[in-house]
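Each value in this text was obtained by applying a stated rule to the coordinates, not by laboratory testing. None of these values were measured; they are calculated from a predicted model. Methodologically, a virtual Cβ is constructed for each residue, glycine included, from the backbone with ideal geometry; neighbour enumeration extends over all protein chains shown.
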Amino acid sequence: MRIIGGKDYYDAGAAWGQDETVVFMRNGKRGLSSAEVYGSLGVPFISCAGGLVPPEPDTAAARKRALNRYRPLNDIEIGGIRHLQDAGRVLFCGTLYNGVRLARGRPTEHARWFWTYDAMAEFAAEHGLALHEGEEFARDQRETSPVRRQTISYPHRMIPLSRWFDPVQLTGSARDAVVLAGITIASENPDMPYVPGPEHEHLNWAVDQPTLAEMDFAKALDPYTAHQEIAMWVGGVLPAPGPKMVEITDDKVKIAKAGFHHPTSFRRGKGE
């Protein structure tokens, strides 16, 4: 596969050879809003109900409080420094991956990404922290799109931390919509600068741009696997671009296509 535009971590997969007939264009600045991703495309809107928390005394009352407390990715103090927990999402070749970004203060510094539950549990153990699962519930999310001048409603599920990192494969109309929209990679990074769209709509999803290295997405997919999946998606799933219209520059061909016979059409016949 040949990649045009920028650099990302999975470019290393090209070292195993590449098919020049498959081209992944990564040189645009396309963005989408949450209303477009969740409302129009139908990508599942999932939020994390838990996160890292300070340790509590190991008593029955404390465990009960931890189970019932609603604490989705709250700020937390680590080593006397305030850290921010935020969700990050990557839609990669029709599969949604959810992660957690932990960073110091605002503006954020030293961002650390978690793409598996085990990695987050290991970090918690190293820093004397605990993991809070959170409560599961579902509701409808309503969002007003300034571009469409209408309110869009879509399902919103809050899930426990232990299930947050499970990849979600798109199916049915959501997968069809993503394929029709020609999306290979879309990423939502909480550290991405504000990108205004029409009517100042926040385009918080970057589409087909080199954004995954910054999100440490190699912890979710190694470079070779990621490169292979992109090649198969672009070359076998997305609709092939239609043939370009041939531009005729030869005047003789233009005249012939217009229905004129070159020797006689612009001349008078004998006796005229």
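For the stretch 134-211, build the convex hull from the C-alpha positions and give me its volume per residue in Å³. Don't skip to the end; give the middle numbers.
Working: hull volume 11.3 nm³, N = 78.
Enclosed volume per residue, from the Cα hull, is 145 Å³.
Listed values for the stretch 20-31 are Karplus-derived 3J(HN,Hα) couplings in whole Hz (6.51 cos²θ - 1.76 cosθ + 1.60, θ = phi - 60°), namely 5, 7, 9, 10, 10, 7, 10, 10, x, 10, 6, x, and x replaces Gly and Pro. Amide H contacts of PHE45 (H built 1.01 Å from N, in plane; Pro and chain starts excluded): ARG157 sit under 5 Å, all sequence-distant by 5 or more or on other chains. Evaluating 6.51 cos²θ - 1.76 cosθ + 1.60 at θ = phi - 60° for every residue in the stretch 98-108, the Karplus couplings come out as 10, x, 10, 9, 10, 8, 8, x, 10, x, 5 Hz, glycine and proline recorded as x. Measuring r between the beta carbons of GLU77 and ALA14 and using R0 = 30 Å, the FRET efficiency lands at 0.10.
Taking the Cα atoms of the stretch 80-222, the ratio Rg/Rh between the radius of gyration and the Kirkwood radius comes to 0.97. Between HIS127 and HIS110, with labels modelled 7 Å along Cα→Cβ, what's the label distance in nm to one decimal, could you check? Between HIS127 and HIS110, the simple spin-label model gives 0.9 nm. With K and R counted +1 and D and E -1, the other residues having a Cβ less than 12 Å from that of ALA181 yield a net charge of -1. The phi torsions of the stretch 200-211, fed into the Karplus equation with coefficients 6.51, -1.76 and 1.60 and a -60° offset, translate into couplings of 6, 5, 7, 8, 8, 10, 8, 10, 6, 10, x, 10 Hz, rounded to whole numbers, with Gly and Pro shown as x.
Here's the picture: a label point sits 7 Å out from the Cα of GLU136 along the beta-carbon direction, and within the stretch 70-103 the residues with their amide nitrogen under 19 Å of it are 70-73, 96-99. Maximal additional length on extending the TYR224-ALA240 stretch stands at 3.4 nm, based on 0.36 nm per residue less the C-alpha distance. Computed extension gain for SER162 through SER47, at 0.36 nm per residue and net of the alpha carbon distance, reaches 40.2 nm.
Across the stretch 86-157, the fraction of Cα-Cα pairs farther apart than 21 Å, rounded to a whole number, is 51%.
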